[in-house]
Ligand code: 13P
Ligand code: SF4
């Protein structure tokens, strides 16, 4: 293990590379990353980075955002097949058709979308700023939210803003984090705080003490007086929560809440990508330019949520 890490450090220096990782990554990736964060943290980081190469350990759309914001840098994803199935539930063609059903539509695209979909959108959001993004929209047009129906309906309930919501979903959050599991764990740990991600079903959200992005969960646990937490999101976050909070206890809602695509990135693939400068993200310039506007618009608005 030490040899592979030495090799990685040598390559990072030689190529002037930084490693960004989403919090759902494997522990071996958390341990070598220069920065671990949620989607919003990573998008923000991507605009600040001073390096020639970004190795992005996450799913494709995340690396694509880094590339859209840094056209002069090389962005590598160590496994090109690390897709987000929810992002694949809407295409630019389907979005155009959906827009045609609304009056002066304003499209809010969750960052879990392709560059082509972002290019057809007005503003992006992540799970940590979605409510503020929707509240920031002015004008008389209809608001459309794509592609996550769970995040979309949560934002509608909290903001009171009516939207046309696409019916995509995250298989990991929607299918494996279920209300009955929370009720079961609560019987054993009645004082535990229940934290869930807004990609979960409404029935799960209604059982939560707090609904938050992965980044907000990490911050909240550190300052909460609670000792026990029931965690309703992808289980990769548990490694960071345990590492940052050794005196606290974490109970995943389900052991099945694993995103298989996030787990495709391994340390060996990171070294291979950097050594051979392979798996380079490339976005056609016209799409890149159009997709950059809704992302930059999102990054400009107040992120408190
Ligand atoms: P975060 O914005 O909380 O990082 O979530 C991204 C994601 O893909 C959740 O499934
Ligand atoms: Fe996509 Fe769900 Fe995996 Fe997040 S956890 S990357 S939304 S499939």
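Read-outs: derived from the displayed coordinates by stated rules, not from any lab. None of these values were measured; they are calculated from a predicted model. Please note: Cβ atoms are built from the backbone with ideal geometry, for glycine as well, and neighbour counts cover all protein chains shown.
Applying the criterion of being in a helix (DSSP H, G or I) and under 22 Å from the mean Cα position of the chain (by Cα) to the residues of the range 186-203, the residue that is surrounded by the most Cβ atoms within 10 Å (Cβ to Cβ) is 202. Kindly indicate the residue of the range 204-228 that is assigned to a strand (DSSP E or B) and within 21 Å of the chain's Cα centre (by Cα) and also nearest to ligand 1 (Cβ to nearest atom) among those meeting that condition. Among those residues, the one meeting the criterion is 211.
Every residue, every condition in (1) surrounded by fewer than 22 Cβ atoms within 10 Å (Cβ to Cβ); (2) out of contact with any helix residue (DSSP H, G or I) (no Cβ under 7 Å at 6 or more places or on another chain); (3) outside any helix (DSSP H, G or I), yes or no:
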position: 7; (1), (2), (3): yes, no, no
position: 20; (1), (2), (3): no, no, yes
position: 33; (1), (2), (3): yes, yes, yes
position: 40; (1), (2), (3): no, no, no
position: 56; (1), (2), (3): no, no, yes
position: 64; (1), (2), (3): no, no, no
position: 68; (1), (2), (3): no, no, no
position: 79; (1), (2), (3): yes, no, yes
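Per the listing 83, 79, 41, the residue uniquely out of contact with any strand residue (DSSP E or B) (no Cβ under 8 Å at 6 or more places or on another chain), over 22 Å from residue 169 (Cβ atoms), within 15 Å of ligand 2 (Cβ to nearest atom) and in contact (Cβ under 8 Å) with a residue 40 or more places away in the chain is 79. For residue 256, the test of being in contact with a strand residue (DSSP E or B) (Cβ under 9 Å, 6 or more places away or on another chain) and touching a residue at least 12 places away in the same chain (Cβ under 8 Å) is failed.
Within the range 158-191, the set of residues being farther than 13 Å from residue 253 by Cα, out of contact with any helix residue (DSSP H, G or I) (no Cβ under 8 Å at 6 or more places or on another chain) and away from ligand 1 (no atom under 16 Å from the Cβ) comprises 160, 190, 191.
For the range 120-185, please list each of the helices (runs of 4 or more DSSP H) lying entirely inside it that holds at least 2 residues being within 16 Å of ligand 2 (Cβ to nearest atom) and at negative phi. Break it down stepwise before answering.
Values: elements: 130-135, 149-159, 171-176.
Output list reads 149-159, 171-176.
Scanning the range 132-149 for residues that are buried (at least 23 other Cβ atoms within 10 Å of the Cβ) and touching a residue at least 40 places away in the same chain (Cβ under 8 Å) gives 133, 146, 147, 148.
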